[in-house]
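Input: a single structure, listed below in structure tokens.
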């Protein structure tokens, strides 16, 4: 235990948590109303998001200022590491739920539907062949599944490259070469943004040309849920990269003390690894 | 570093007064207090719903609640008690006790700690307000299985978002607890010297980060099935409603251990104190807790034996479930062995702890019975199951919470509670609890189904007994409220160390009440 353990930084009372909770109250009730097509919901949702953005700027701004003024000792730094690590673990488990759903449908429940030894396979769905990708026995609209070797393969290349560029940025930071740091961060941001653009294009393509929609049964559900949440996480990650780009430009981080940077880099590697899972299990197989 | 130190704590010492103190606080004791009061409020709301359910079941026929409203009552009773009362109460204990017991100045993430708490009233508001929207609250049971939950109106959506928010709160709380325990122990406090309550919470927090995100995932799929046309739980689209049950119970079974492991921890603190002997088999207690947690992740489908699964699946989940009785038995043995030849006294915390062991073992055994597939097929969805899980959740989790409150009230408030009234609270709770739930075993074995507002005449007598017990149990908890308030306001001043057998840091190193800031200089643990 370090000798600083008696001086663990305990922040002063703060308004940001209650502001965040207010945002969540507006967003939760707003989203529930919106989904039931009640006009009031859109307004509440908008207000909620606005408050949330205000809270995020204020809270993270405070943390950045506290960090830059040297309030965080080694022990606080270690707390951040544990905290971020376990947060990423929870994100992994969140994706596990969706990967689990994909696995269950493909390998268990759909084969059971066509199993001729059961009532289901024999009588209810006897005209259904159950080969993946499928929209299920009750959805009769034809669709084309998303191929793996066009845009998705290019996207894989983009994200893998961005994992390299963010690592080079980290090396430059540790060597205290600030221009290199900013340059490689910008490259990472550009790759992330390009990935999001490609995903958006892919969605338009799916809806317009392939007739592949969220309503396209089991395949459409898992395809859009997994790629959608991944794309959402890439968007969050890109915003985080932009934030640390501006912090780097403002002279934040030192070669020894830069967990703000490392936390974002960990997160970026996490979205990268999830994408590899997606590429294999959603697109390839 | 000294300047920094002054800066941080200088602010705290002039913390805002009045309501703003509670809204903005970063102090683990303030936040723990708010958790406890919030959970008690939700306990009363959930208890009100339980009273409604028992009032309707007092006699056969439909008297008070129409079936639609009855279903909303059972659903929200479960959700509010699990997510609003029991879980936040244990997090409140963790907030108060973990820093005190490991010699830390506060929780690792003090501001986030505040947010974990203040998300709860938001979620509670969404849940409770769902009663008043068109269509009413969710009515498909606290497990919200589709297709019932893919039907339903605005109330179901409010519930889904409430679950999301509660999940976020739990995840932040558990990450905070893990980090605090791993990174902020006083010098010399090695992992295997930690008090058992801290150990059980560390393992509970791991379970939370493992399964809460999965719950978030499954309610998200439910939401998109409801509003965005996906087919996760719709067989016509290739989905499967049984898949919901698998994913839900992957969360749901560890969840029941999330609600009982900290209870084990509290009881493991209290029994040695009042037996005036160290805990018997400390390290076997740690390993047993970890084994229970690991096993709890591979037994989920015992909740769905009748939903249809391959025989090999039924066998696996049956044997894995029964295996949990082994580490649990180790714990019960250790508690009993701790009391063996101890110089015991029976103050209220000890009474509740012994009551816990006695009744929890009954609940544990009925759990083993339910795990046996052929028996489960008989008792599935009957009052036998209701009796089983109320024996583990009420006389298990809730009794341990009462025990813990009585045990630590002198530390929290500096005042003693009224011992006579405390003992009355215990004996009345004990009597009425068994009156309510013991007869439900018979009702279940005779075939009375759960979640139905009316029943066959043959069940009438036992239902009346059960309802009388429930009303008595509910009223008894108002006595508890009175005891706590009068302890805070006008209780006798507590001695510096009211329990002479207590050995943990909060009793040996801190005065009563614990000062607003404790352990700014960490104690040295030998």
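Things to note:
- Remark on segment A:74-284: hydrodynamic radius 19.2 angstrom, per the Kirkwood mean of 1/r across alpha carbon pairs.
- Counting Cβ atoms of other protein chains within 10 Å of each Cβ in A:31-39 and taking the mean gives 6.
- Space enclosed by the convex hull of the alpha-carbon atoms of segment B:39-94, per residue, Å³: 57 Å³
- Between the Cα long axis of helix B:311-323 and the first principal axis of chain B there is an angle of about 30°, rounded to the nearest 10.
- Rg ratio (alpha-carbon, reference 2.2 N^0.38 Å) - segment A:1-142: 1.74
- In terms of overall dimensions, the C-alpha atoms belonging to segment B:359-454 reach 53, 26, 18 Å along their principal axes, ordered largest to smallest.
- Semi-axes of the equivalent ellipsoid for segment B:101-230, computed as √(5λ) from the eigenvalues of its C-alpha gyration tensor and ordered from largest down, come to 37, 15, 11 Å.
- In percent, rounded to a whole number, the relative contact order of chain B is 18, using alpha-carbon pairs under 8 Å and six or more apart.
- For chain A: relative contact order, % (alpha-carbon pairs under 8 angstrom, 6 or more apart): 17 percent
- Ranking of B:120, B:207 by count of other Cβ atoms within 10 Å, fewest first: B:207, B:120
- Tail weight of P(r) past 15 Å, computed on alpha-carbon pairs of segment B:424-479, percent: 48 percent
- With Cα atoms defining each centre, segment B:52-97 and segment B:225-256 are spaced 24 Å apart in the structure.
- Normalised per residue, the volume of the convex hull around the Cα set of segment A:63-149 (Å³): 182 Å³
- Overall shape of segment A:160-276 was characterised from the C-alpha gyration tensor. The equivalent ellipsoid obtained from it has semi-axes of 34, 12, 10 Å, in decreasing order.
- Translational diffusion of the protein assembly as shown, µm² s⁻¹ [Kirkwood Rh, Cα pairs; Stokes-Einstein; 37 °C; 0.692 mPa s]: 117 µm²/s
- Partner chain coverage, peptide B:208-218 - average Cβ within 10 angstrom: 5
- Counting only Cα atoms, the size of segment A:10-71 along its three principal axes is 49, 16, 11 Å, in decreasing order.
- 0 to 90° range, to nearest 10: angle between helix B:28-56 axis and chain B longest Cα axis: 30 degrees
- Normalised by the number of residues in segment B:371-496, the average gap of Cα pairs under 8 Å and 6 or more apart makes the relative contact order 40 percent.
- Using equal-weight Cα scatterers in the Debye expression, the normalised intensity of segment B:5-106 in log10 at q = 0.17 Å⁻¹ is -0.82.
- Extent along the principal axes, Cα only, for segment B:367-526: 63, 36, 23 Å, with the longest axis given first.
- Computed from Cα positions, the angle between helix B:399-413 and the longest principal axis of chain B comes to roughly 30 degrees.
- What the Kirkwood sum gives for segment A:120-220 is a hydrodynamic radius of 16.6 Å, with every pair of different alpha carbons counted.
- Square roots of five times the Cα gyration tensor eigenvalues for chain B, Å: 37, 26, 24
- B:232, A:223, A:87 arranged by Cβ crowding within 10 Å, fewest neighbours leading: A:87, A:223, B:232
- Debye log10 I(q)/I(0) for segment A:23-106, one point scatterer per Cα, at q = 0.13, 0.17, 0.24, 0.27 Å⁻¹: -0.75, -0.93, -1.00, -1.06
- Partner chain coverage, peptide B:114-125 - average Cβ within 10 angstrom: 5
- Stokes-Einstein D in µm²/s, Kirkwood radius over Cα pairs - segment B:239-389 at 25 °C with 0.890 mPa s viscosity: 148 µm²/s
Read-outs throughout are calculated quantities, based only on the coordinates presented, and are distinct from any laboratory measurement. A quick note: this is a predicted structure, and the numbers were derived from the prediction, not measured. Glycine also receives a Cβ, built like all others from the backbone with ideal geometry; neighbour counts cover every protein chain displayed.
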